[in-house]
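The values are calculated or read from the model by the stated rules, or taken from the named source; none is laboratory data. Model, not experiment: these values are computed from the prediction. Every residue, glycine as well, gets a Cβ built from its backbone with ideal geometry; the counts of neighbours run over all protein chains shown.
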Amino acid sequence: MNIKSKVAVITGGASGIGAAVATELAKLGVKVVLGDMNEDGLKVVVENIKKNGGEAIGIKTNVTLEDDVIKLMNAAIDTYAAINIVVPSAGIFKDAFMISTDRETGKVFKSMSTSQFMDVINVNLLGTFLTIREAAIRMIDNQCEGVLFTISSINKEGQLGQLNYSSTKASVALWPKILAGEFHAKNIKGIRVVGIAPGYVETPLLLGMKPEVLESIVKDVTIGRLVKIDEIVGALIFALQNEAVTGTTLEITGGVISKGLVK
Ligand SMILES: NC(=O)c1ccc[n+]([C@@H]2O[C@H](COP(=O)([O-])OP(=O)(O)OC[C@H]3O[C@@H](n4cnc5c(N)ncnc54)[C@H](O)[C@@H]3O)[C@@H](O)[C@H]2O)c1
């Protein structure tokens, strides 16, 4: 797909991967519609894009609220008359073991709360569902070609302490297969579905970790370093430009070792 002059809707656009994707796509001539709960962060990203000659708008959005997501998608259609690229990058984690036992007594003293579980499900899973459903409705009705992405993670393979997060990332890694199949069955043409599963990415969150924690993460990455945010953005642009990529999830991890094998 030729991406110049296309329209992208990106959630989680105020920070990290979402902000980097928005900034890079705007440089390539894509009109960008950003949604995030962080209004101040959105303003900074939108202003930067505009300063560099790009086109962008920011809409305060909570991706767990259907009405907010509908407003975001309507803003894209009202402002730029199309939606072609959808990147649901809004995501959170709330790590905890499901059960913690006391070393001496062996009895349970703590468990993952229902809200720790549901908050992550709501943002990462429900939020992604609402985002790509509302985008797909408008893409089909307005005959827009394009790509619906899901943002998974290497921890779709399972990670201790991430029963909630890993569950959401395993789910959205599967969705490209289901949705590309559904569109084919319904004779919906021109909309591809692609998952992106990053490994440990050089984001402020990881760079802010204690050096010894960071070291223990990096020792299990075969390329010997964190993945650069540009490498995630590059993979997403590759998927946009290569029409043979659909119904699959691309892993961009640098090769994360688990039990001697790459995860
Ligand atoms: N950074 C990594 O190493 C890494 C690795 C694998 C997967 N991922 C995934 O990539 C995505 C982006 O991660 P990131 O590192 O850029 O995170 P980030 O924290 O930098 O950005 C996430 C953004 O989502 C927004 N957000 C959170 N809840 C929201 C809600 N309910 N509605 C709207 N916006 C909301 C936040 O305000 C923030 O701006 C996430 O889905 C994450 O799970 C990240």
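Within the span defined as segment 102-109, every residue fails to be away from the ligand (no atom under 12 Å from the Cβ) and either within 26 Å of A239 (Cα to Cα) or touching a Cys at 6+ places or on another chain (Cβ under 6 Å) (or both).
For segment 11-63, residues that are under 16 Å from L240 (Cα atoms), under 17 Å from the mean Cα position of the chain (by Cα) and of a type outside the set (V, I, T) total 5. L42 fulfils the conditions (1) more than 15 Å from the ligand (Cβ to nearest atom); (2) under 23 Å from P198 (Cα atoms); (3) surrounded by 24 or more Cβ atoms within 10 Å (Cβ to Cβ) except for a single criterion, (1).
Every residue, every condition in (1) assigned to a loop (DSSP other than H, G, I, E, B); (2) touching a residue at least 24 places away in the same chain (Cβ under 8 Å); (3) out of contact with any Ser or Thr (no Cβ under 8 Å at 6 or more places or on another chain), yes or no:
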| residue | (1), (2), (3) |
| --- | --- |
| V63 | yes, yes, no |
| K71 | no, no, no |
| V86 | no, yes, no |
| A90 | yes, yes, no |
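Can you tell me how many residues within segment 111-152 are touching a residue at least 60 places away in the same chain (Cβ under 8 Å), more than 11 Å from the ligand (Cβ to nearest atom) and in contact with a Lys or Arg (Cβ under 9 Å, 6 or more places away or on another chain)? The qualifying residues number 5. When the residues of segment 4-15 are narrowed to those that are aliphatic (A, V, I, L, M) and under 18 Å from M139 (Cβ atoms), which ends up farthest from the ligand (Cβ to nearest atom)? Across segment 4-15, the extreme among qualifying residues is V7.
Within segment 92-107, the set of residues being farther than 30 Å from L240 by Cα, part of a loop (DSSP other than H, G, I, E, B) and in contact (Cβ under 8 Å) with a residue 24 or more places away in the chain comprises K94, D95, F97, M98. Considering only residues in segment 153-169 that are free of Cβ contacts under 8 Å to residues at least 40 places away in the same chain and assigned to a helix (DSSP H, G or I), the one that is surrounded by the fewest Cβ atoms within 10 Å (Cβ to Cβ) turns out to be S166. Residues that are surrounded by 24 or more Cβ atoms within 10 Å (Cβ to Cβ), more than 13 Å from the ligand (Cβ to nearest atom), farther than 21 Å from V123 by Cα and not hydroxyl-bearing (S, T, Y): does segment 57-73 have at least one? Checked against the condition, which is being surrounded by 24 or more Cβ atoms within 10 Å (Cβ to Cβ), more than 13 Å from the ligand (Cβ to nearest atom), farther than 21 Å from V123 by Cα and not hydroxyl-bearing (S, T, Y), segment 57-73 yields no hits at all.
Against the conditions (1) in contact with a Ser or Thr (Cβ under 6 Å, 6 or more places away or on another chain); (2) away from the ligand (no atom under 16 Å from the Cβ); (3) under 27 Å from I191 (Cβ atoms); (4) not charged (D, E, K, R), G18 satisfies every one except (2).
Remark: pairs (first residue in segment 218-230, in contact (Cβ under 8 Å) with a residue 12 or more places away in the chain and in a helix (DSSP H, G or I); second residue more than 11 Å from the ligand (Cβ to nearest atom) and among the basic types (K, R); Cβ separation under 8 Å; 6+ apart in sequence or on different chains) = V218/R225. Is it the case that some residue within segment 239-250 is more than 11 Å from the ligand (Cβ to nearest atom), part of a strand (DSSP E or B), among the aliphatic types (A, V, I, L, M) and at pLDDT 95 or above? Yes, segment 239-250 contains a residue that is more than 11 Å from the ligand (Cβ to nearest atom), part of a strand (DSSP E or B), among the aliphatic types (A, V, I, L, M) and at pLDDT 95 or above.
Scan segment 41-50 and give yes if some residue there is farther than 16 Å from I151 by Cβ and acidic (D, E), otherwise no. Yes, that holds for at least one residue.
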